[in-house]
Amino acid sequence: MTTYALQTRNLVKKFGGFVATNDVSLNVEAGARHALIGPNGAGKTTLINLLTGFLEPTSGEVILNGDTVTHLAQHQRVKRGLARTFQINRLFAELTVLESVTMAVNERIGIGARFWRPVGAYAEAVDEAASLLSTLRLLDLAHEKTRNLAYGKQRLIEIALALAMKPRVLLLDEPAAGVPTSESRELFETIAALPRDVTILLIEHDMDLVFRFADCISVLVSGALLTGGTPDEIANNPKVKEVYLGEAISV
Ligand code: ADP
Ligand code: MG
């Protein structure tokens, strides 16, 4: 039987009279590398915001690991294993990569940031942070200050901070946005290689990256799901080709 990590049922979000999310029933399988694609303004970011609880839906349900979380606050969803990336806090700019991730681990295990105690006071948290850095191929940068890193590496640290929450589902809204092409493929390969116990739903507009990364693709158009399927099915779907007329979709 298929297990779903994340689902929506008939999800609707209206901004005034404008329907940004139109009756979306999405199923994200546990362990999937699932991509959400669609033209600009299709409602991709709105859908992610509904999933995280940043926005309240007008109607419909959000289901996380089988439980309805539609009306839970963002932090409650994080506690239940739903994480998204966030831009690096200014506070982290002066810290090293290892210190930043250790701080996020401390936060999860409830030690939090205490100014009278060095970030690395808890060896277990440091070990966990180092192991996360190793997963993300960042270990050689552990003692660099985050602000000195290339943009693609900074995005990976944002992902490390999210992973420090031990999520079961990770939501990524255009993780390669602003990252030079020379770095974006490596960034995506690293994301794709994350352990499969973390389900990943991501938005990306670069079809090359999407088709390398995803094992499942959902296509959103004008707020509604047009179709979903394997990369092969999506690449050969005439309706999708019509939406992306002029853009090269190749597997
Ligand atoms: P995408 O991420 O696919 O580019 P968005 O989810 O950002 O699309 O936006 C979908 C549509 O909803 C757009 O037409 C956008 O202008 C509109 N929209 C998004 N957020 C709001 C808001 N807070 N208020 C009004 N309209 C919004
Ligand atoms: Mg968007």
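The values are calculated or read from the model by the stated rules, or taken from the named source; none is laboratory data. Because the structure is predicted, anything quoted here is derived from the model rather than measured. As a convention, Cβ positions derive from the backbone with ideal geometry for all residues, glycine included, and neighbour counts pool all protein chains shown. SASA here: full protein model, heavy atoms, side chains in, ligands and nucleic acids out. Shrake-Rupley method; radii C 1.70, N 1.55, O 1.52, S 1.80 Å.
Every residue, every condition in (1) touching a Phe, Trp or Tyr at 6+ places or on another chain (Cβ under 9 Å); (2) within 16 Å of ligand 1 (Cβ to nearest atom), yes or no:
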site: 124; (1), (2): no, no
site: 140; (1), (2): no, no
site: 147; (1), (2): yes, no
site: 166; (1), (2): no, no
site: 169; (1), (2): no, no
site: 178; (1), (2): yes, yes
site: 185; (1), (2): no, no
site: 192; (1), (2): yes, no
site: 197; (1), (2): no, no
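Scanning segment 1-35 for residues that are in a strand (DSSP E or B) and free of Cβ contacts under 8 Å to residues at least 12 places away in the same chain yields 15, 18. Look at (1) open to solvent by 10 Å² or more (accessible area, probe 1.4 Å); (2) within 16 Å of ligand 2 (Cβ to nearest atom); (3) among the hydrophobic types (A, V, I, L, M, F, W, C) and you find that residue 42 fails only one, number (1). Looking across 75, 71, one residue alone is at negative phi and modelled with pLDDT of 95 or more. It is 71.
The condition (being open to solvent by 10 Å² or more (accessible area, probe 1.4 Å) and more than 18 Å from residue 200 (Cβ to Cβ)) is satisfied by just one residue among 56, 29: 56. It is to be established whether one or more residues within segment 57-64 are within 26 Å of residue 211 (Cα to Cα) and either at pLDDT below 95 or more than 16 Å from ligand 1 (Cβ to nearest atom) (or both). Yes: segment 57-64 contains one or more residues that are within 26 Å of residue 211 (Cα to Cα) and either at pLDDT below 95 or more than 16 Å from ligand 1 (Cβ to nearest atom) (or both). Restricted to segment 42-113, the set of helices (runs of 4 or more DSSP H) holding at least 3 residues that are in contact (Cβ under 8 Å) with a residue 40 or more places away in the chain and closer than 22 Å to residue 142 by Cβ comprises 97-109. Is it true that some residue in segment 64-80 is hydrophobic (A, V, I, L, M, F, W, C), open to solvent by less than 40 Å² (accessible area, probe 1.4 Å) and in contact with an Asp or Glu (Cβ under 9 Å, 6 or more places away or on another chain)? Yes. Of all the listed residues (3, 96, 70), the sole one being hydroxyl-bearing (Ser, Thr, Tyr) and within 19 Å of residue 162 (Cα to Cα) is 96. Just one of the numbered conditions (1) within 13 Å of residue 222 (Cα to Cα); (2) more than 9 Å from ligand 1 (Cβ to nearest atom) is not true of residue 41: (2).
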